[in-house]
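A.B. asks: Sharing a structure with you now.
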Amino acid sequence: MRICSIASGSSGNCIYVGSDDTHVIIDAGISGRRIEDGLNQLGLTTSDLSGILITHEHSDHIASIGVLARKYGIPMYATGGTIRGITASKGVGPIDKSLFNEICADNDFMIDDLKVRPVAVSHDALEPVAYRVDHGCESVGVCTDLGTYDDRIIEGFSGVNALIIEANHDVNMLQVGRYPYILKQRILSDKGHLSNENCGKLLCALLHDDLRSITLGHLSAENNLAELAYEAVRLEIMMDDNKYDPSDLDIRVAQRSEVSQPMAV
């Protein structure tokens, strides 16, 4: 089983997850050409995809949904609220409604040999979710676009072997940056995005001996730096009352516009 960030950040998101026989992407917030190029680097093509899992309807997650639907007819999986948001968006163009498969948070479903669990998250979208994907005894998680976390999030991603987790912003950079006050408040709210420090705190709650790979994702281009995110998360782990030393963990930062090194589970 592999998981790989094709693109991650406020300018566009697309994550690949797959087994030997089944391949899906989570979100399609970049161009279809970039998705194809990213899949090619993994030895795949867009035609190999068995499905597209959609977290929510914001443009940095659905930019090429319409193009992929019309060109390839790939089944799409999303909550009812997200489907309504996509169909109301003028930017995606017409989509054959039969391609949509409505899902519900906490209700597992299968895409061939992959078991998928949508996990409800707190974000300013209609019905957003994150995703856990299991294949046999292996499991991976993609947990981004959440302003806060709770026991439900921790339970949903407990025991995963590889994790892409949001470290969106450095609070100080955001507060002194050029964003308007209203946008700053939105990002800092419980329906905004997870800060570096809160990412580290959530990660501390998820650490276990078989969590082999951790990727920090969805970094803000304006309000974060890869080095800041990395060190802030490591510091939270170091300060937490747990048995883990950050130097013993495989922690990396997803590239904003380049394919990251695949994590094999």
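The values are calculated or read from the model by the stated rules, or taken from the named source; none is laboratory data. Please read these numbers as outputs of a predicted model, since none were measured by experiment. Note that we place each Cβ from the backbone using ideal geometry, even for glycine, and neighbour counts take in every protein chain shown. When the accessible area is computed, the model is the full protein with side chains, heavy atoms only, and any ligands, DNA or RNA have been set aside. Shrake-Rupley method; radii C 1.70, N 1.55, O 1.52, S 1.80 Å.
A.B. asks: Where does the range 216-263 land on the Kirkwood hydrodynamic radius, alpha-carbon pairs, in angstrom? Mind dumping the intermediate values first?
C.D. replies: Numbers: mean 1/r = 0.0837 Å⁻¹.
For the range 216-263, inverting the mean 1/r across all distinct Cα pairs yields 11.9 Å.
A.B. asks: Taking a cut-off of 19 Å between Cα atoms, list the lysines near K90, but don't count ones fewer than 8 places away on the same chain.
C.D. replies: Within the straight-line cut-off, K90 pairs with K71.
A.B. asks: Mind giving me the nanometre distance, one decimal, between the label points for E155 and S11, set 7 Å out from Cα along Cα→Cβ?
C.D. replies: Here the modelled spin labels are 4.0 nm apart.
A.B. asks: Another question about this same structure. Average projected area of the Cα convex hull of the range 105-145, in nm²?
C.D. replies: Details: hull surface 11.8 nm².
The orientation-averaged projected area of the Cα hull of the range 105-145 comes to 2.9 nm².
A.B. asks: If you don't mind, there's one more thing I want to ask. Calculate, for the chain, the solvent-accessible area per residue in square angstrom, rolling a 1.4 angstrom probe over the heavy atoms of the protein chains. Mind dumping the intermediate values first?
C.D. replies: Values: 11350 Å² over 265 residues.
In whole numbers, the chain has 43 Å² accessible per residue.
A.B. asks: Now for a different question. With all protein chains present, how much of the accessible area of the chain (probe radius 1.4 Å) comes from carbon and sulfur, to the nearest whole percent? Please report the intermediate quantities before stating the final value.
C.D. replies: Numbers: 5330 of 11350 Å².
Summing carbon and sulfur atoms, their accessible area is 47 percent of the total for the chain.
A.B. asks: Farthest toward the dipole's positive end in the range 134-244, which of L202, V160, H135, given Cβ charges of +1 (Lys, Arg) and -1 (Asp, Glu) about the Cα centre?
C.D. replies: Going by the charge dipole, the pick is L202.
A.B. asks: Relative to the compact globular guide of 2.2 N^0.38 Å, what is the alpha carbon radius of gyration of the range 1-127, as a ratio? Could you put the intermediate results ahead of the total?
C.D. replies: On the way: Rg = 13.3 Å, N = 127, 2.2 N^0.38 = 13.9 Å.
Its radius of gyration relative to the 2.2 N^0.38 Å reference: 0.96.
A.B. asks: Let me ask something else. Where does the charge balance sit around R152 when Lys and Arg score +1, Asp and Glu -1, over other residues with C-beta under 14 Å from its C-beta? It would help to have the intermediate numbers written out before the result.
C.D. replies: Numbers: positive: R117, R132; negative: D106, D150, D151, E155, D190.
Combined, the nearby Lys, Arg, Asp and Glu give -3.
A.B. asks: Let me ask you something else. Quick one: Debye curve from the C-alpha atoms of the chain, no solvent, what's log10 I(q)/I(0) at q = 0.09, 0.16 Å⁻¹?
C.D. replies: Here the Debye-derived log intensity ratios amount to -0.36, -1.21.
A.B. asks: Right, something else. So, with +1 on the Cβ of K and R and -1 on the Cβ of D and E, and no other charges, what is the size of the charge dipole of the range 1-157 about its Cα centre, to the nearest 20 debye? Kindly include the intermediate steps, with their values, before the conclusion.
C.D. replies: On the way: 12 positive and 22 negative charges, 122 e Å.
Approximately 580 debye in magnitude.
A.B. asks: Calculate the spin-label point distance for A226 paired with D124, positioning each point 7 Å from the Cα along the beta-carbon direction, and give it in nanometres.
C.D. replies: 2.9 nm
A.B. asks: Moving to a separate point now. Can you list the lysines whose alpha carbon is less than 24 Å from that of K243, not counting same-chain residues fewer than 8 positions off?
C.D. replies: Partners within reach: K201.
A.B. asks: Roughly how large, in nm² to one decimal, is the mean projection of the convex hull of the alpha-carbon atoms in the range 69-184? Please report the intermediate quantities before stating the final value.
C.D. replies: On the way: hull surface 37.7 nm².
Over every viewing direction, the Cα hull of the range 69-184 projects on average to 9.4 nm².
A.B. asks: Starting from 0 in steps of 5 Å, tell me what percent of the Cα-Cα pairs of the range 1-73 lands in each bin.
C.D. replies: Result returned by the calculation: 4, 18, 33, 28, 14, 3, 0.
A.B. asks: Then there's this: Working only with C-alpha atoms, what are the Rg and Dmax values of the range 185-265, expressed in angstrom?
C.D. replies: Cα radius of gyration and Dmax of the range 185-265 are 13.1, 38 Å respectively.
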